[in-house]
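Data block below; observations after.
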Amino acid sequence: MRHYNETYRKRRWKSALSLRDIDGLTLEGFSGRQAHSMTETEAPAVALDGVRDAVIRNCRAQQGTETFLGFRGKDTEDVVLAGNDLRHAAVVYTVEKDARSSAIQDLGGILPRKKI
């Protein structure tokens with residue numbers, strides 16, 4: 001996927017993207033956030049479950065993003081983050097206990113602003 005921008009028309013949505021059991025994902029140029037009624041404990045902007053051999057690059061967290069990426073699933077493996085603009089995210093990513101944090105490699109980007 002390249003240059004995808006998601007806005008919400010209906011409140012029933014939680015994550016802008018929910019990707020499951022994908023081998024060889026490239027997510028590039030995505031811009032989005034979770035649904036307006038969601039909080040960081042409910043849904044990330046992008047939910048990834050069992051994603052392998054993935055590159056997530058040049059994406060942007062929109063204003064009001066709580067958690068940008070949420071990883072889950074024991075099959076999540078070999079995920080690389082690079083060049084993402086995460087200034088508007090409170091949290092870059094979370095890893096649920098059924099996934100391994102060592103499966104995600106963050107090569108850097110624009111990090112969230114520190115709250116003073």
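Observations
- Taking segment 50-78 as the range and being in a loop (DSSP other than H, G, I, E, B), out of contact with any His (no Cβ under 8 Å at 6 or more places or on another chain) and more than 16 Å from S15 (Cβ to Cβ) as the test, the residues that pass are N58, K74, D75.
- Condition broken by L81, with the remaining ones in (1) modelled with pLDDT under 95; (2) among the hydrophobic types (A, V, I, L, M, F, W, C); (3) in a strand (DSSP E or B) satisfied: (1)
- Every condition in (1) crowded, with 17+ Cβ neighbours inside 10 Å; (2) more than 13 Å from the chain's Cα centre (by Cα); (3) at pLDDT 95 or above is met by D21 except one, and the failing one is (1).
- Only one of the numbered conditions (1) under 17 Å from A99 (Cα atoms); (2) buried (at least 18 other Cβ atoms within 10 Å of the Cβ); (3) not aliphatic (A, V, I, L, M) is not met by E66, and that is (1).
- Taking the criterion of being hydrophobic (A, V, I, L, M, F, W, C) and part of a strand (DSSP E or B), the residues of segment 84-116 that qualify are A89, A90, V91, V92, V95, I104, I110.
The values are calculated or read from the model by the stated rules, or taken from the named source; none is laboratory data. Everything numeric in this text was worked out from a predicted model, so none of it was measured. No Cβ is skipped: glycine too gets one built from the backbone with ideal geometry, and neighbour counts run over all protein chains shown.
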